[in-house]
Amino acid sequence: MSSPMLERLVAVACDQDCQALASLMDQQQLTPEQVHSLRVLIKRQRALWQLMSTQGESKRAQKQDKALRAGAKLLAASRDRQVTEETLTALKQTTRRDYELEALERVIAWLAEEQSDPVAPPVPDALPLVFQEDLDAWQALKRKGDDQDVIRKGYVTLYRHLRQQALETLSEGKDEDWHRLRRDVKYLQYQLEPLGGTLADAEVDIKRVRKLGSQLGDLHDLHMLGDQLKRRLKKTGDAELREALVCARQLAARREERVMTECRQRTRRVFELKPKMLRQALEQLSLPA
């Protein structure tokens, strides 16, 4: 007999692939919002495959993760440009100094002139096939086991590793460790969300996880922007642009420091939850119909 929890997860995964395919149907070009939405759907699928890898499907999960990662790369350049523009624009809300605002406008204008990747790209030919093959893989799963397998071998095992990773990152984490934590906190969010139910009543607050993932995303975006501005500084001989780049980089570093403080605080709060408490919450969960 199949696990109701596993059935729920597979149904959500199939629905997400169908959403992606529907959004690509008869499309020639993607809006920036569609690019972002499709990349989020890919992350959601990768998170669920990570969970399936604990349920005797490691080979299939590895294959699909690789295929989905390749699909995400088809949209990476356009999304990266969009994120850079959004991060620079958001920095304008952190200052009232005219010279800093002018510097940010100068850098944004440079970006529009220099970047060749469109924020609204044509639909990559291979992308619909990525989602169709992923849907086929989910539908072909042999859904065996029970909820206890999904909870203990899946959720609790993955959470235990993630919690240890978070504590180590808090202790001595480098930039790449915080970036990895961002990805894995998002995976936790995407693995828990399909279950719905009454997790918050059992001290499992998905809103906290979601907020931490969002702030870790902001931290990553600011770090990537700082690196991009640093690389451009080394290449430009334009004195006016150099001055604007230096100013923008200082603003990004200042904001990154504040966001890092918030991320540390939220990471401690989220991972106060012990694996045992997560197991008990999932065992008592009433799944949505």
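In table form, for the structure just shown:
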{"quantity": "Lys/Arg +1, Asp/Glu -1 at C-beta; region 4-284 dipole; positive extreme among Ile151, Gln45, Ala252", "calculated": "Ile151"}
{"quantity": "Distance (nanometres) between label positions extended 7 Å along Cα→Cβ at Ala120 and Gln139", "calculated": "3.3 nm"}
{"quantity": "Portion, in percent, of the accessible area of region 211-267 that falls on carbon or sulfur, probe 1.4 Å", "calculated": "44 percent"}
{"quantity": "Net charge of neighbours whose Cβ lies under 9 Å from the Cβ of Lys92, counting Lys and Arg as +1 and Asp and Glu as -1", "calculated": "-2"}
{"quantity": "Most positive-pole-ward Cα, Leu75, Ser58, Thr87, against dipole of region 20-114 from beta carbon charges", "calculated": "Ser58"}
{"quantity": "Rounded percent of accessible protein surface that carbon and sulfur make up, region 109-157, 1.4 Å probe", "calculated": "48 percent"}
{"quantity": "Built amide H within the under 5 Å cut-off of Val123, gap 5+", "calculated": "Gln29, Leu30"}
{"quantity": "Debye intensity ratio I(q)/I(0), log10, the chain, q values 0.10, 0.11 Å⁻¹ (C-alpha model)", "calculated": "-0.62, -0.74"}
{"quantity": "Computed [θ] at 222 nm, deg cm²/dmol, the chain (DSSP H ≥ 4; -39,500 (n - 2.57); rounded to nearest 500)", "calculated": "-24500 deg cm²/dmol"}
{"quantity": "Candidate lysines for bridging to Lys274, where Cα separation is under 30 Å - those fewer than 8 sequence places away on the same chain excluded", "calculated": "Lys43, Lys59, Lys144, Lys153, Lys174, Lys186, Lys207, Lys211"}
{"quantity": "Accessible area per residue in Å² at 1.4 Å probe, computed on the chain", "calculated": "53 Å²"}
{"quantity": "9 Å beta-carbon shell around Gln165, net charge (K/R +1, D/E -1)", "calculated": "-1"}
{"quantity": "Estimated FRET transfer efficiency (Gln29, Arg60; beta-carbon r; R0 45 Å; 0.05)", "calculated": "0.85"}
{"quantity": "Kyte-Doolittle mean at least 0.5 and Cα axial length at least 27 Å: DSSP H helices in the chain", "calculated": "4-24"}
{"quantity": "Cα-centre dipole for region 4-284 with unit charges at Cβ (Lys and Arg positive, Asp and Glu negative), debye to 20", "calculated": "1040 debye"}
{"quantity": "Whole-Å distance, taken between Cα centres, linking region 40-66 and region 79-135", "calculated": "29 Å"}
{"quantity": "Relative contact order computed over region 136-265 (Cα-Cα under 8 Å; 6+ residues apart), in percent", "calculated": "20 percent"}
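The values are calculated or read from the model by the stated rules, or taken from the named source; none is laboratory data. Values in this document were obtained by computation on a predicted structure and should not be read as measured data. Glycine gets a Cβ as well: all are built from the backbone with ideal geometry, and neighbour counts include every protein chain shown. Note: accessible area is taken over every heavy atom of the protein model, side chains too, but ligands, DNA and RNA are not part of it. Shrake-Rupley method; radii C 1.70, N 1.55, O 1.52, S 1.80 Å.
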